Amino acid sequence: MSKAKTPRKAPNYKKRNLIVKILFFLVVLAIGFVSFGAFVMTLFGALPTFAAWYRDNNPRKSLGYTVGLTNTTCIFLVIKDLLPMGQHLTQAMPYLQNPWYWCMIYMGAVVGYGIHNMTPKIVIKTLRWNFQGKIQDLKRTQNYLVQQWGRDVVGE
Amino acid sequence: MRDNRDQLHAIKKFSLTEAVTFGQGDTVDFTNPLPPFSFDPHITAYATQKHNEIAYVMAPHIVPRFSLMETQSKIENPHLLQGYAAHPIRVQESPYNQTLIIAQKPGEISLTSQEARNFFQIHKNVAEWLIGPMVRILRDFEQLNLTHRAIHPARITFDDFSFKNLNLGYGFLTPPGFLQPACYEPLQTCFAEPTARGSGHPSYDLYALGVTILSLFKDPKFLQHLSSADTNKRRLSEGSYAFFLEKQMFSERITELLKGLICDDLSQRWTPDDLESWADFNKVHARYRPPQKSATKPFLYQGQEYNSPALLIHQMGTDHTWAQDVIFSEDFRVWMRRNSGQHENTVGIEDAKVAASRTEASIRQDAIVSYCLMALDPEQPLYFKGVVFTLDGIGDHLAAYFYDTQKRSDTAALLNSKAPLFWLSLKEQKSPQVLRFNKLYQESANFLSKRGMGFGIERCLYELNPHVPCQSPLLNAVAMYDNTDILDALNHYAAHNPGQLSAKLPIDRHLMAYAATHYDFIKDDFLNAFPDERAPKEQKIIGCLRFLSLIEKNTNTQPLKDLYYWVHDLSLQSIGIYRSKKRRDMIQKLLESQRNPCPIDRLLDWIDNTAEKKLDMDEFMDAKKHHIYTVHKIKEWQFKLDNIRSVSRDICDNFSILLAAMGSLFMAALYLFV
């Protein structure tokens, strides 16, 4: 006897999100222990990520992840120079006062928002094209069957 | 008989204002009807170009006795007039087919002429010139188990006034006894419908001869008067001999002759041997015994008194409105017991009622009357719905009135009621003839209960009258004598009606019933499996091809060109029985390649191949399942399409994260390395 296929277990998004959240804060705390300037930059630079995370009602938190990924990538690119400076804020000030860095960090978040907004349109268009193609193929099969076997082949 | 096979195929259509040639040079002058031979309104005689032949045209409902005409031709008796040929004809503007029979011309002087009467009355040489030839004819008929059933002074003719050469006219022009006035018919048949008198017994001809002899000595009006319905009924109570010869004085010799011939009991009636002995002046005694005395106390029925049980039963049979009430009344039973001594019969009516109650509800009342009258007097003919039948006359009656809806349905009801079977069951002697009729009427009732092709009233018509030509419009009444030429006839029809074939099948109810009657190889199982009228056209075509193929194979008929083209076109129409276009195209190609006539069986093999049909059906079922699958799939995809936002949500989420991850990596790589 063939074994009945067991349904795939639905992923526990809450748990996953909590772990990610904790990991994120641990990382931010770790950065804070290493460098105060990097900590400040991370805290203020990650504001769009926090906003996206808490605004997103989707349990998957896709907006949060999308924006978070692009945003934090940019943050890490910026703070990589701040981390060796340790707790000396004066040395970190030129970095904190440089608008280019802030602009880069927030542009990363904007790209994340952009990706999140554009993806459904692209995906839906692609899927629609795919589904319609499949329906067309099936209808062509039906026509062929009717042509070959007559109208009687049309099942109830 | 002449071989008129080549002329059987077409009905000759003409007007009665011309001379028309039939068959092998039989030219009939229709402008010249012959009054002296027009002895009956149902038959008209015309002159032909041959001085010793005459043409008779029957009224449309008259079905000649072709079997008698054919069998009689084997008798080489100079005193018997023969038929030569029969042709189906249609007089212009008449909707019915008629039959033209070319026959030997009768003599100039009939027995009804004053000269003949004078001759026989004066010379008293009945024995020499009349009885002698008639005995020879009747003996010939008896040997072939035939009956003439039309012996009448008008049909006994002589060539000249010497009265030496007697000619007995035709018995085959009409159904048996059809032309006879009631008094020339024995008691067993005289009350029956003229078309339902039946061939009867050879002694019926002797009875007719007796009355013919009597007519020589009586005024013609005397017998005419006795033939009237009311007067004729007296024969039931008085007996025929007493009825005819009441207060009549004849010589002892003639009286003995008439007593021997005009008696009602078949066992008392003379045989041809007795008649010959009488003609040879040997002493022959009549076995005639007067009938039993009639009832002393009359019975009142419909306001009229009846002394004789037989007469009362006859009256109830012909006027059956109150018959059922009377039959089951106590008065009637007491009267029957006292006056006829028929105690057993009065008891038997209860059994008759039980038997009749098994018939269909629509005919039950008529059946009860009919069954009870039979039980009361089994010697009387068969009464049904006021019509009187003899057992062997039912078929003739059906043939004569087949196109009269009312009479046809009455006859069908009679067969359906199984009254003839009950009548036969009352017979003590189970002679071969009784057994034959028993089988015939049992089968007829079965045929009527089936509605398919080859059954029904049409089958009864041909089973009861094997000599009746096929009434199918496709055959045009061509299969008159030779029933093996059905395919020839269809071929002829196809050749002469090329524009009417495309939508027409070469079979119909008449043709199937006719073939089933005449061909042993067409079994009822085949007919039971035949597609009915509601079946799809393709199935009907295949059934039709099977039928024709069966005839073709069993009669060893070579493929006929015009019929083949007809069948070929039909077979092309029947390929729709296959559901697969591929298979249809293949069979069509096969069929189209076979343009030259071949056995129908070959076409049938291509079209009606069981293995191919099974394969076709299996493949079709698979295709149907596949179609159902596609329908479900389309619905599924259409649903997804209609709900594409919810369907795509997961994908969008995952895809946007993936895209963001890739974008991040790309940005990091770009920043770090560039």
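The values are calculated or read from the model by the stated rules, or taken from the named source; none is laboratory data. Here the structure is a predicted model, which is why all the values come from computation and not from measurement. All Cβ positions, even for glycine, are placed from backbone atoms using ideal geometry, and neighbour counts span all protein chains on display.
For this structure, a couple of remarks:
- Note on segment B:569-667: enclosed helices (runs of 4 or more DSSP H) holding 3 or more residues that are over 47 Å from the mean Cα position of the chain (by Cα) and within 7 Å of chain A (Cβ to nearest Cβ) are B:610-642.
- For the criterion of being more than 10 Å from every other protein chain (Cβ to nearest Cβ), surrounded by fewer than 17 Cβ atoms within 10 Å (Cβ to Cβ) and modelled with pLDDT under 90, A:Gln91 passes.
- Restricting A:Gly32, A:Gly64 to residues that are assigned to a helix (DSSP H, G or I) and either crowded, with 18+ Cβ neighbours inside 10 Å or within 11 Å of chain B (Cβ to nearest Cβ) (or both) narrows the list to A:Gly64.
- Some residue of segment B:160-183 being closer than 20 Å to B:Asp396 by Cα, surrounded by fewer than 22 Cβ atoms within 10 Å (Cβ to Cβ) and aliphatic (A, V, I, L, M): yes
Each row is one residue, and each column tells you yes or no for (1) closer than 21 Å to B:Tyr462 by Cβ; (2) modelled with pLDDT of 90 or more.
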site	(1), (2)
B:Ala375	no, no
B:Pro378	no, no
B:Phe384	no, yes
B:His397	yes, yes
B:Leu421	yes, yes
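- For the residues A:Gln136, A:Gln132, A:Gln148, A:Gln142, the requirement of being in a helix (DSSP H, G or I) and more than 9 Å from every other protein chain (Cβ to nearest Cβ) singles out A:Gln136.
- A Cβ distance below 7 Å, combined with a sequence gap of six or more or placement on separate chains, defines the contacts here; from segment B:169-186, residues that are among the hydroxyl-bearing types (Ser, Thr, Tyr) reach residues that are assigned to a loop (DSSP other than H, G, I, E, B) in the pairs B:Tyr170/B:Leu81; B:Tyr170/B:Ala150; B:Thr174/B:His42; B:Thr174/B:Ile62; B:Thr174/B:Pro64; B:Tyr184/B:His152.
- Test: residue in segment A:103-119 that is of a type outside the set (Gly, Ala, Ser), part of a helix (DSSP H, G or I), at the interface with chain B (Cβ under 10 Å from one of its Cβ atoms) and touching a Phe, Trp or Tyr at 6+ places or on another chain (Cβ under 8 Å): yes
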